[in-house]
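First comes the structure, then the notes that go with it.
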Amino acid sequence: MTNFVFISRHAPTEAQCQLASKAGVVLHHFGDIDAFDDLASHNKLHGYKREGFAGIVCVHPVIALLAYQAGLVVGVFQNINRAAAGDPLRFECGMFKLFTPHSEATFTP
């Protein structure tokens with residue numbers, strides 16, 4: 001199993017953890033990062049790499065790009081809204097993708 005940082009204001013769901021596990025990934029929730037504070041996000045991402053994390057899982061595209069540039073594998077979950085029209089949003093995990101400089105892998109529930 002490979003350790004990844006989970007960047008989000010929300011903790012990963014059980015479904016996300018299970019799907020990541022299928023990919024050989026263990027998620028460690030570290031909260032959110034201000035994607036527009038270049039120095040802080042750069043330092044945090046390089047710090048995660050120095051701490052031995054192989055990659056990150058995030059939603060924000062700026063963080064994904066910065067992590068990719070820092071040499072981290074980037075994971076992204078597909079969120080599917082299962083709510084009926086007019087109901088509050090209710091998301092479920094649909095797919096998990098891992099991106100490296102030379103490949104892409106997809107995992108489904």
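Cβ-Cβ distances below 6 Å connect the following pairs, each with a first residue in region 86-104 that is more than 26 Å from residue 71 (Cα to Cα) and hydrophobic (A, V, I, L, M, F, W, C), a second residue that is assigned to a strand (DSSP E or B) and open to solvent by 80 Å² or more (accessible area, probe 1.4 Å), and a separation of six or more residues or different chains: 91/79. Filtered by the rule that a residue be among the charged types (D, E, K, R) and in contact with a helix residue (DSSP H, G or I) (Cβ under 9 Å, 6 or more places away or on another chain), region 50-104 gives a lone residue, 92.
With the structure loaded, tell me whether residue 86 is outside any helix (DSSP H, G or I), under 23 Å from residue 102 (Cβ atoms) and of a type in the set (Gly, Ala, Ser) or whether it fails that test. Criteria not met by residue 86.
The values are calculated or read from the model by the stated rules, or taken from the named source; none is laboratory data. Since this is a predicted model, take the numbers as computed values, not measurements. Backbone-built Cβ (ideal geometry, glycine too); neighbour counts: all protein chains shown. Accessible surface is based on the protein model in full, side chains and every heavy atom, while ligands, DNA and RNA are left aside. Shrake-Rupley method; radii C 1.70, N 1.55, O 1.52, S 1.80 Å.
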